[in-house]
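Scroll down for the structure; my scribbles are underneath it.
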C-alpha cells in the first residue's frame, strides 16, 4: 500500500494536477481572506473558508477523475488486479494520496487564524474546527469521485459525473425545497429510491432473483405502511434526503459556531461506504 501511495502522490505533482489544485485553492481562499479578514476586519476565518466550498466542485473531480479510469483505459488495471497486494490496499493507497493532496492546503490554512490573531481578536477554536470539517468534507467528495472513476475508463466522464454529483449536493437544500410534501409523493419517492438500490444490487450481483425479491418485498411493505398510516410519508422525502446536504455540517460551524457530531460521523460513514463501493466495483470487474 505504501508503494502505491508514494507513486500516486508523486504522479499528482509530476503531472501538475496536485500543484494546480493546491495553488488554486490557496489563492482563492487568500482573496477571500484579504477581503473579509484583513480589509473588512471580520474575525472569523471560518466564514472566509465557507466561500471557497465552490472550489471543491471543480477541484475534487480534477484530482479524482484519473484515479482508476486512467488505469482502466491504459489496461494497467490488470496489473493491479493481479498484484500480490490486496485490492483494499490498492484502493486505500490511491485514496490516501488524494487525501494528502487535499490536506496540504488545509495545513497551510492553519496559519491564517494566527495572522488574524496577530492583528486583533480571533476565534481560534471555531476556526480550527472549521478547517478540520472542511478537510473532512473534501475527503467525502474525494471518496465519491474515486467511486465514479472506478465505474468508467473515460477520465472526462469521471470528471463530468463527479462534477454533476457535487454540484447537486451543493444545491441540495434548494432542490429539497421544490419536492412535494404529500403522502403519495413520499411513497412514490421511497419506491423510486428502492428501485435504484435494487438496480445497483442487480448490476453488482447479476442475480435477478435476489433483486426481484428485494424489490417485491420493499414495494409490498411500503404500500402496506401507506394504507396503515399514510401520515408517515408526509414530508418523508425532505426528512430522509435532508441529511445529504453535506455542506450544512460545515456551514453550521461558520454561521452558528455549532459542531454537529452526528454530521461528522456521517462524513466518516460516507467515506467508508464509498471506499467499500469502489472496492466492490473493481472486484466485480476482476471476476468478470
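The values are calculated or read from the model by the stated rules, or taken from the named source; none is laboratory data. Predicted, not measured: the structure shown is a model, and the values here were computed from it. Here Cβ is always computed from backbone atoms with ideal geometry, including for glycine, and neighbour counts include all displayed protein chains.
Checked against (1) surrounded by 16 or more Cβ atoms within 10 Å (Cβ to Cβ); (2) over 21 Å from the mean Cα position of the chain (by Cα), residue 281 passes all but condition (2). Within region 39-47, can one find any residue that is at pLDDT 85 or above, touching a helix residue (DSSP H, G or I) at 6+ places or on another chain (Cβ under 9 Å) and in a helix (DSSP H, G or I)? Yes, because at least one residue in region 39-47 is at pLDDT 85 or above, touching a helix residue (DSSP H, G or I) at 6+ places or on another chain (Cβ under 9 Å) and in a helix (DSSP H, G or I).
Yes or no, residue by residue, for (1) surrounded by 16 or more Cβ atoms within 10 Å (Cβ to Cβ); (2) assigned to a helix (DSSP H, G or I):
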| residue | (1), (2) |
| --- | --- |
| 118 | no, yes |
| 122 | yes, no |
| 127 | yes, yes |
| 130 | yes, yes |
| 146 | yes, yes |
| 151 | yes, no |
| 156 | no, yes |
| 159 | yes, yes |
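Report yes if some residue within region 254-277 is surrounded by fewer than 18 Cβ atoms within 10 Å (Cβ to Cβ), in the same structural domain as residue 46 (by TED's automatic domain parsing), over 27 Å from residue 92 (Cβ atoms) and out of contact with any helix residue (DSSP H, G or I) (no Cβ under 7 Å at 6 or more places or on another chain); otherwise report no. Looking for residues that are surrounded by fewer than 18 Cβ atoms within 10 Å (Cβ to Cβ), in the same structural domain as residue 46 (by TED's automatic domain parsing), over 27 Å from residue 92 (Cβ atoms) and out of contact with any helix residue (DSSP H, G or I) (no Cβ under 7 Å at 6 or more places or on another chain), one finds at least one in region 254-277, hence yes. For region 210-217, state whether one or more residues are surrounded by 12 or more Cβ atoms within 10 Å (Cβ to Cβ) and under 24 Å from residue 238 (Cβ atoms). So far as region 210-217 goes, no, none of its residues is surrounded by 12 or more Cβ atoms within 10 Å (Cβ to Cβ) and under 24 Å from residue 238 (Cβ atoms). Among the residues of region 204-218, those identified as without any contact (Cβ under 8 Å) to a residue 12 or more places away in the chain and either within 27 Å of the chain's Cα centre (by Cα) or outside any helix (DSSP H, G or I) (or both) are 205, 206, 207.
Of the residues that make up region 170-187, is at least one within 11 Å of the chain's Cα centre (by Cα) and either under 30 Å from residue 46 (Cα atoms) or buried (at least 17 other Cβ atoms within 10 Å of the Cβ) (or both)? Give the derivation first.
Taking region 170-187 and keeping what is within 11 Å of the chain's Cα centre (by Cα), we get 170.
When the remaining residues are screened for being either under 30 Å from residue 46 (Cα atoms) or buried (at least 17 other Cβ atoms within 10 Å of the Cβ) (or both), the result is 170.
Scanning region 170-187, I find at least one residue that is within 11 Å of the chain's Cα centre (by Cα) and either under 30 Å from residue 46 (Cα atoms) or buried (at least 17 other Cβ atoms within 10 Å of the Cβ) (or both), so the answer is yes.
Exactly one residue out of 13, 21, 56 is over 19 Å from the mean Cα position of the chain (by Cα) and part of a helix (DSSP H, G or I): that is 13.
Do we find a residue being more than 27 Å from residue 2 (Cβ to Cβ), surrounded by 14 or more Cβ atoms within 10 Å (Cβ to Cβ) and modelled with pLDDT of 85 or more anywhere in region 85-94? For region 85-94, residues more than 27 Å from residue 2 (Cβ to Cβ), surrounded by 14 or more Cβ atoms within 10 Å (Cβ to Cβ) and modelled with pLDDT of 85 or more: absent.
Could you go through region 98-111 and let me know if any residue there is more than 18 Å from residue 273 (Cβ to Cβ), over 15 Å from the mean Cα position of the chain (by Cα) and in a loop (DSSP other than H, G, I, E, B). Checked against the condition, which is being more than 18 Å from residue 273 (Cβ to Cβ), over 15 Å from the mean Cα position of the chain (by Cα) and in a loop (DSSP other than H, G, I, E, B), region 98-111 yields at least one hit. Just to be sure I understand the filter: pairs with C-beta atoms under 8 Å, separated by 6 or more residues or on different chains, first member in region 228-244 and on the phi > 0 side of the Ramachandran plot, second member part of a helix (DSSP H, G or I) and crowded, with 16+ Cβ neighbours inside 10 Å. Which pairs pass? Taking only residues 6 or more apart or on different chains, the pairs are 235/186.
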